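Taken together, the values in this text are just the output of simple stated rules run on the coordinates, not laboratory data. All values reported here derive from a predicted model rather than from experimental measurement. Glycine gets a Cβ as well: all are built from the backbone with ideal geometry, and neighbour counts include every protein chain shown.
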Amino acid sequence: MNGFNTLNHMANEAQVATGLEPRGRLAGKNAIITGAAGGIGLETTILFLREGASVLMTDISEPHLAKALSKAKEMAPNATGRVETMKVDVSKEADIEAAVQSLDSWGGLDVIFNNAGIMHSDDADAVDTSEKIWDLTQNINVKGVWFGSKHAVLSLRKHKKTRGSIINTASVVALVGSATPQLAYTASKGAVLAMTRELAIVHAREGFRFNALCPAPLNTPLLQDWLGDDQAKRHRREVHFPTGRFGEAIEQAQAVLFLASDESSFVNGTDFVVDGGMTKAYVTPE
Ligand code: NAD
């Protein structure tokens, strides 16, 4: 048997989407979403519920989670899966572990969207970023993704799953440099991209897929609260958008849905860029 046939022989048919799966793009799947009370996390929760998944919404903020839960129920009234909330600080491994283990009684996790992240207002350039802000950012944005990925793998193995999808939120700043620096944030997103790529390769033969989402600047509180009504700061960014606008959280959620579903069964290790063409642009339309 040559190398090619050996590999084909080893391919696990259970990992290949046939197109004949039950209706509902995530029917029967159990998902954890971190940062589920925020812009991208909530929109993704709603889409996942509409497509038949059960969702554990996790976030560091309990009041925001409660509001997000009622919004999710309102926006996905015909959901067939469960939806529950749990307070999780992604920088604490015990919190993530407890969230993942709580899905044991649901039949184990199939999807985790490691989405929680911060961009601190005191994050600046190499000179002005304090070590405290650097460490805080790495603890949430990088360690949080590592913990989520680690416990997803442990759970998928425990439940003998032959498919699993882990989606980690990076950013376009992991791909292009910005003259408006937030160095700790940029470094953290570069780490998410590299970590996700390596995990994708390590776990490929187990059927566990890892992809990184790279959103462009969005209309969510994370960025918009920081920009406020400073028109000069806004213009500095908008001029680089081929579409002339910030992205919407729902446009990221649609990509996450694809990556979570079996439709993307051969998509692994990608830097999945959802940016309206921003990272491909030289001169943008006037
Ligand atoms: P958001 O601020 O609306 O939501 C982030 C959520 O994460 C919030 O609900 C917050 O409470 C939660 N969170 C913060 N720290 C946490 C912690 N330690 N543990 C658990 N939850 C925590 O932001 P968003 O725009 O929805 O961002 C989601 C992800 O997308 C982030 O990783 C962000 O870096 C990334 N991203 C955002 C943009 C953008 O322009 N908004 C662009 C690129 C990437």
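Summary table
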{"quantity": "Burial ordering of L136, L65, L42, L56, fewest other beta-carbon atoms within 10 Å first", "calculated": "L136, L65, L56, L42"}
{"quantity": "Kirkwood Rh (inverse of mean 1/r, distinct Cα pairs), the chain, angstrom", "calculated": "19.4 Å"}
{"quantity": "All lysines inside 22 Å of K161 as judged from Cα atoms, apart from same-chain residues fewer than 8 positions distant", "calculated": "K29, K150"}
{"quantity": "Radius 13 Å from Cβ of N219, net charge of other residues (Lys, Arg +1; Asp, Glu -1)", "calculated": "-2"}
{"quantity": "Percent of Cα pairs exceeding the 20 Å cut-off, where the set is the range 146-246", "calculated": "49 percent"}
{"quantity": "Residues I32, I250 arranged by fewest to most Cβ contacts within 10 Å", "calculated": "I250, I32"}
{"quantity": "The chain: angle of helix 62-75 to the longest principal axis, Cα-based, in degrees nearest 10", "calculated": "70 degrees"}
{"quantity": "CD proxy at 222 nm, helix term only [per DSSP H run n ≥ 4: -39500 (n - 2.57); per residue of the chain; nearest 500]", "calculated": "-12000 deg cm²/dmol"}
{"quantity": "Nitroxide proxy distance, nm - points 7 Å out along Cα→Cβ at R236 and L175", "calculated": "2.3 nm"}
{"quantity": "Ascending count of other beta-carbon atoms within 10 Å, so fewest first, for K160, K29, K280", "calculated": "K160, K280, K29"}
{"quantity": "Net charge contributed by nearby residues that have their C-beta within less than 13 Å of M57 (K/R +1, D/E -1)", "calculated": "+1"}
{"quantity": "Interatomic Cα distance distribution for the range 61-199, bins of 5 angstrom, percent", "calculated": "2, 9, 16, 18, 18, 15, 12, 6, 3, 1, 0"}
{"quantity": "Rounded tilt (10° steps) of 39-50 against the dominant C-alpha axis of the chain", "calculated": "30 degrees"}
{"quantity": "Exposed-loop-free span, longest in the chain, where chymotrypsin sites (Phe, Trp or Tyr not before Pro) count as exposed if DSSP calls them loop and at most 14 other C-beta atoms lie within 10 Å", "calculated": "1-265"}
{"quantity": "Within the range 51-75: backbone nitrogen closer than 17 Å to the K87 label point (7 Å, Cα to C-beta)", "calculated": "57-69"}
{"quantity": "FRET efficiency for Q224 and T162, using Cβ-Cβ distance with R0 set to 35 Å, rounded to 0.05", "calculated": "0.30"}
{"quantity": "Stretchable slack from A126 to F258, in nm (0.36 nm times residue separation minus alpha-carbon distance)", "calculated": "43.8 nm"}
{"quantity": "Cα long-axis angle, helix 249-260 against the chain (0 to 90 degrees, to the nearest 10)", "calculated": "30 degrees"}
